[in-house]
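In what follows, a single structure is set out as C-alpha cells and then discussed.
The values are calculated or read from the model by the stated rules, or taken from the named source; none is laboratory data. Not measured: the values here are computed from a predicted model. Cβ atoms come from the backbone with ideal geometry, glycine included; neighbour counts cover every protein chain shown. To get the accessible areas, we keep the full protein, side chains included, count just its heavy atoms, and leave off ligands, DNA and RNA. Shrake-Rupley method; radii C 1.70, N 1.55, O 1.52, S 1.80 Å.
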Amino acid sequence: MLAMQYSITLPADYDMAIIRRRITDKGHLLDHFPRLRFKAYLYADRRAARLPTRHNLYAPFYLWDDAEGMNAFLGSSGFAGVTQAFGWPEVRTWSVWQGDVSPDAAQAVCASCDVAPIAPYADLDELREREAERTRADLADGALAAVSAFEPTVWTLVRLRLWGELRPELAREGRQLYQVGHVSLPRHTLSVPATA
C-alpha cells in the first residue's frame, strides 16, 4: 500500500468556505475509485475556533492499494482540476507499514497528522513494531482509520489518524490537526489491519 498527500497552503485571509463548498461539490467523485482504500478531504481553517492551526490548508490524504491506483488518479481529470485551481503541488508518498480503515471511517470529522524525521541508522524493524503498537492504541482510543508509513528518500514517518469527534486536545508541536469534509471509500471497507 501507499499513502499520499499534497498540502496547499492558502492565504491567511482566504475564504475557507470555498474549500468546504469544493469538498461538498466534488468529494463524492472519488467514492468507489478503483484501488483507493480511502481519501480524506482534509482542511484547516485558522479563523475557526474548532481546531488550532497556524495556516489555512487544503491537504487531502489518500491510502492506495498500490501504485497503479495512485497513478490512475494523478493522470485523471480530477487531479488536473486540482492543479488548475491551486497550482502544481508537491505530492508526498510513503510506503505503508500499518493501514487500518474502519467501515465507519466515513463518519470522521477530525484528523491528526504527524510527519517526523527518521534518525539515521534507526532500527526500522523496531520502529515498525512501535508504530504497530501505537496504531493499536489509537484504534482502541477511537480512531476510525490509522495509517503509519515511511519514505526512504529523506527518511520521514507519517502517522495519520481519522477521528469521529473533534479532538483539539491532540494539538502539539509538530502535529497538524484538520477538519474532515468527506471520506471517499470503496464499496466494501473491511476492518482488517493491513501490514506491509
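Remark: segment 130-144, residue by residue, has Karplus-estimated 3J(HN,Hα) of 4, 5, 4, 5, 5, 4, 4, 5, 5, 5, 5, 7, x, 4, 8 Hz, where x stands for each Gly or Pro and the curve is 6.51 cos²θ - 1.76 cosθ + 1.60 at θ = phi - 60°. Computed with a 1.4 Å probe on the full set of protein chains, the accessible area for residue 150 sits at about 30 Å².
The phi-based Karplus calculation (6.51 cos²θ - 1.76 cosθ + 1.60; θ = phi - 60°) puts the 3J(HN,Hα) values of segment 114-123 at 10, 10, 10, x, 9, 5, x, 6, 4, 6 Hz, whole numbers, x for Gly and Pro.
For GluC sites (Glu not before Pro), the sites in segment 90-168 that DSSP calls loop and that have at most 15 other Cβ atoms within 10 Å are 90, 165.
Using R0 = 35 Å, the C-beta based FRET efficiency linking residue 17 and residue 169 works out to 0.85. Per residue, the chain exposes 50 Å² of solvent-accessible protein surface, assessed with a 1.4 angstrom probe and all protein chains in place.
A simple count of charges around residue 32, restricted to other residues whose Cβ falls under 15 Å of its Cβ and scoring Lys, Arg +1 and Asp, Glu -1, yields +3.
Dipole size in debye (nearest 20) for segment 1-127 around its Cα centre, Lys and Arg Cβ +1, Asp and Glu Cβ -1? Intermediate values should be presented prior to the final figure.
Details: 12 positive and 15 negative charges, 146 e Å.
Using Cβ point charges on Lys, Arg, Asp and Glu, segment 1-127 gives about 700 debye.
If I compute P(r) over Cα pairs in 10 Å bins from 0, in percent from the structure I just sent, which labelled value in (1) 9, 38, 39, 14, 1; (2) 8, 28, 25, 13, 9, 8, 6, 2, 0; (3) 11, 38, 33, 14, 4, 0 lines up? Checking each listed value against the structure points to (1).
If you roll a 1.4 Å probe over segment 1-84 with all protein chains in place, what percent of the accessible area is carbon or sulfur? Write out the running numbers ahead of the final one.
Working: 1990 of 4000 Å².
Carbon and sulfur together cover 50 percent of it.
Taking all protein chains as shown and a probe of 1.4 angstrom, residue 94 keeps an accessible surface of around 0 Å². The label-point distance for residue 95 and residue 121, in a model that sets each label 7 Å from Cα toward Cβ, rounds to 2.1 nm.
Close amide H contacts of residue 37 (hydrogens built in the peptide plane, cut-off under 5 Å, sequence separation of 5 or more or a different chain): 63, 64, 65.
Scalar couplings 3J(HN,Hα) for segment 61-76, obtained by applying the Karplus form with A = 6.51, B = -1.76, C = 1.60 to θ = phi - 60°, are 10, 10, 10, 9, 5, 6, 5, 4, x, 4, 5, 4, 5, 5, x, 8 Hz; x denotes Gly and Pro. One decimal place: the segment residue 28-residue 107 gains 27.0 nm when fully extended, by the rule 0.36 nm per residue minus the C-alpha distance.
Here's how it looks for residue 8: its modeled amide H is under 5 Å from those of 58, 59, which are all 5 or more places away or on a different chain.
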